[in-house]
Amino acid sequence: MLRRLLLLGPLVLLLSVLASAQGPRTVPLGDWPEARGPHGDGRSDETGLIDAWALNGQNFLWRVPYGGRSAPVVMGNRVYVQNPSGLGEALQERVMALDADTGKVVWEYKFNVFQSDVPPHRVGWASPAADPETGNIYAMGVGATVIALDQNGKLLWDRSIGEEFAAFTTHGGRTTSPIIDGDLVIVSAAISSWGTGASRQHRFVALNKRTGEIVWIASPGGRPYDTNYAAPLITSINGLRLLISGSGDGGVYAMKPQTGEKVWGTVMAKRAVNTGVVVSGNTVIISHGDENLDVSELGMIAAIDGSQTGDIKTFKWKQQGDQFGFSSPVIDGTRVYQVENGSRLKAYDLETGKNLWTQTLGTVQKAPLVFADGKLYVGTESGKFFIVRPGPEKAQVLSEVELPLSKDDNAGQSAGLPEPVFAGAAISRGRIFFVSTGGVYAIGAKTATKPTGLTVDAPAVKGEGDATYIRVSPTELVLKPGQAIKLHADAFDKLGRLIGPAPGVTWTLNGLKGAVAADGTFTPDPGTLEQAGTIKATAGSISGEGRARVVRPLPWTETFDSFAENTSPPGWIIVGTAKTAVGTVDGEKALYKAPDNTIFKRYRAFVGDVNLSNYTIEADVRGIEQRRQRGDVGLVNQRYVLVLFNAGHLEIHPWQAAPEMTARVDKVQWDVNTWYRMKLRVENRAKDTLIQGKVWRRDQPEPAAWTIEKIDTIPHRKGSPGLYGDGISDVMFDNVRVYKNQ
């Protein structure tokens, strides 16, 4: 974790009774607030649902052309979906609210994708989450931007995890959906940071759902193989509430959802895990579709005992050889249902793992199962939607409907084929909602049913007894010199439940100059323009930490001359990883990005406040040719990147995977082992943004004219300065300068 827990002994806290931050949680019967439903496991408590339907016929309600890859969620009379909007230069990610009776658009909120390697046809992978308490909607975009919207679609806050933590995104597009727990909204991604968090790991980030402040960050596993989109589940096992999720390192991990403390983990694959888990009692069903650790066969479904702690290496049972790479399972009493990649639905005995039967549904599968009213509702990538009644010995297909042929190929592979379904359905008030790449569908009761009561009724739970953990929040701060902020130190018991504010806290600083008042107010030294370190709260024998980096106000220049070899400026994001540090070339200090031929070879280092705008960044750059290859090098300004490519052309783009958004100039001179100067200026105008770049040999005068320009009509209005490198050979930076536009 990005905070260190020092558990030296019990601390008895004599506090008044306080409500836990994790409760109560109530979900009315009929709501489906998250991608896997109110219970997080693909299960609905509704009854009286349809057995069959037909396009434009029996039990068909409506279809609207807002297709995508993610699952719908439903709260009240609103269906919320996340999808791409627009084409070419106008492409954005979008959250929409639809009327559940008609499919009519109630509102939509669009936001830009930037500095992501996700291609346009995979935008909108994650599903939104609706909060029954506040009515707010939360979403995470493919560029790792987290947004909070109120029930009318107004932006409450956003958080650029992509810039603050240099999020790693890939062509695969896999993005995890948010999950809500009490006052927290929790997301995860393969991210990097600074200091002890500089290594790239699959991390879980909990934010205050009302303010967007980061409350905790957890790194339960190892270095990721890839991005993933495993659906997280919050459940209780033997009275201990757990957040359980697959990770990019091939493992499944359980954490306390209010603190991020790791309880257990099991690594089962040599690739990222994309499937969700389901739980019955203390039995946790896990699955994957890639290479196993112990046999050459691909794929596994297994059961583990989730009441354990530490590293779990034994299974209650496991079946290997079927690739469960994407779809998540459901539990039906004593049976587990799961669909493997070839769209074969399988049933297993929950206690023994015995395969009870197999039912073929199609040829390719991504969507998870949904279980309601004794039936399974599921779409396939083959473009069919099924209703299946499973039994102890076989499955009965009640309905099989082929979807229309795709017109808009927003799936990247479906033009002219029946519309694929990649995500799970939502069950709400007698209706089934699902999303294909071409549209959002509603089938079922013509008039919505009016179920009464609660499908989830979890009362507030108070922490009690000894405190075993202190959570310092906000736990990740970006401040200006002299800017004060108040931190909170909260005590939790061994079950991860909030006891209350920790009494008698003493505060200390590590690596930071400044002062912390008794009430937790930290004020960094106004004379120290750049620094990074931790703020530690100690109560009795236990401690917790928050992290802070202080960024320089504009203007500033960095020559790297004051830094020792193999070090880096404090708080620069991802610098210090990816083999990047200060070194000496031709007698002068510079920042090196060493060769890297892994999936992490593309590199963006962020070196300032994400809220900066209307500024210019300059730097000297140099590329070394190794084995006739040279890396690409560039600068980042307000979410735009100016890149000098080894092939001799210059580009400006906010999103490299969307070529329609790229401006390009060919035949730009770039000699090897020679210093060049790059300059990138961004200006916000009334209706657009003007981006200008130039490059020239450092030993020659700056040219008067800009080498390249771009006007962006869906502009990025703010963003962090940064450095860009990509390649399997050295690139270097020196004399970095950032200042307000002149």
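Assorted remarks:
- Test result for Pro595, open to solvent by 10 Å² or more (accessible area, probe 1.4 Å), over 22 Å from the mean Cα position of the chain (by Cα), at pLDDT below 95 and under 30 Å from Arg471 (Cβ atoms): no
- Residue among Arg627, Arg622, Arg549 that is modelled with pLDDT under 95, buried (at least 21 other Cβ atoms within 10 Å of the Cβ) and not β-branched (Val, Ile, Thr): Arg622
- Of the strands (runs of 3 or more DSSP E) lying entirely inside the stretch 500-588, the ones with 2 or more residues being in contact (Cβ under 8 Å) with a residue 24 or more places away in the chain and in contact with a Ser or Thr (Cβ under 7 Å, 6 or more places away or on another chain) are found at 506-510, 531-539, 542-550.
- Qualifying positions in the stretch 417-431 - within 30 Å of Gly453 (Cβ to Cβ) and outside any strand (DSSP E or B): Ala423, Gly424, Ala425, Arg429, Gly430
- Members of the stretch 673-701 found to be assigned to a loop (DSSP other than H, G, I, E, B) and touching a strand residue (DSSP E or B) at 6+ places or on another chain (Cβ under 6 Å), listed by number: Trp675, Asp688, Arg698
- The residue pairs whose first member lies in the stretch 457-475 and is small (Gly, Ala, Ser), whose second member is modelled with pLDDT of 95 or more and open to solvent by 50 Å² or more (accessible area, probe 1.4 Å), and whose beta carbons are closer than 6 Å, counting only pairs six or more residues apart or on different chains, are Ser473/His488.
- Any hit, the stretch 302-316, residues being within 25 Å of Ile443 (Cβ to Cβ), of a type in the set (A, V, I, L, M, F, W, C) and open to solvent by 60 Å² or more (accessible area, probe 1.4 Å): no
- In the stretch 253-296, the qualifying residues are those that are among the β-branched types (Val, Ile, Thr) and open to solvent by 20 Å² or more (accessible area, probe 1.4 Å), and the one that is nearest to the chain's Cα centre (by Cα) is Val267.
- Selection from the stretch 702-717 of residues that are surrounded by 18 or more Cβ atoms within 10 Å (Cβ to Cβ) and part of a loop (DSSP other than H, G, I, E, B): Thr707, Pro715, His716
- A single member of Gly533, Gly544, Gly514, Gly504 is of a type outside the set (Ser, Thr, Tyr), over 30 Å from Ala619 (Cα atoms) and open to solvent by less than 30 Å² (accessible area, probe 1.4 Å), and it is Gly544.
- All positions within the stretch 356-371 that are buried (at least 21 other Cβ atoms within 10 Å of the Cβ), in contact with a Leu (Cβ under 9 Å, 6 or more places away or on another chain) and assigned to a strand (DSSP E or B): Val370
- Number of positions in the stretch 633-672 that are assigned to a strand (DSSP E or B), in contact with an Asp or Glu (Cβ under 7 Å, 6 or more places away or on another chain), surrounded by fewer than 21 Cβ atoms within 10 Å (Cβ to Cβ) and not basic (Lys, Arg): 1
- Residue, farthest from the chain's Cα centre (by Cα), within the stretch 45-66, restricted to residues that are surrounded by 13 or more Cβ atoms within 10 Å (Cβ to Cβ) and β-branched (Val, Ile, Thr): Ile50
- Strands (runs of 3 or more DSSP E) contained entirely in the stretch 108-215, each with at least 1 residues that are touching a residue at least 60 places away in the same chain (Cβ under 8 Å) and farther than 20 Å from Arg639 by Cβ: 137-140, 179-181, 184-191, 201-208
- Filter result for Ser188 (surrounded by fewer than 21 Cβ atoms within 10 Å (Cβ to Cβ) and either within 11 Å of the chain's Cα centre (by Cα) or more than 15 Å from Ile147 (Cβ to Cβ) (or both)): no
- Residue match in the stretch 115-135 (condition: surrounded by 21 or more Cβ atoms within 10 Å (Cβ to Cβ), touching a helix residue (DSSP H, G or I) at 6+ places or on another chain (Cβ under 9 Å) and closer than 29 Å to Leu477 by Cβ): yes
- Residue within the stretch 83-91 that is surrounded by fewer than 18 Cβ atoms within 10 Å (Cβ to Cβ) and under 19 Å from the mean Cα position of the chain (by Cα) present: no
The values are calculated or read from the model by the stated rules, or taken from the named source; none is laboratory data. Since the model is a prediction, treat every value here as computed from it, not as a measurement. Reconstructed Cβ throughout: ideal geometry from the backbone, glycine too, with neighbour counts over all protein chains shown. The protein model used for the area step is the full one, side chains on, heavy atoms only, and it has no ligands, DNA or RNA in it. Shrake-Rupley method; radii C 1.70, N 1.55, O 1.52, S 1.80 Å.
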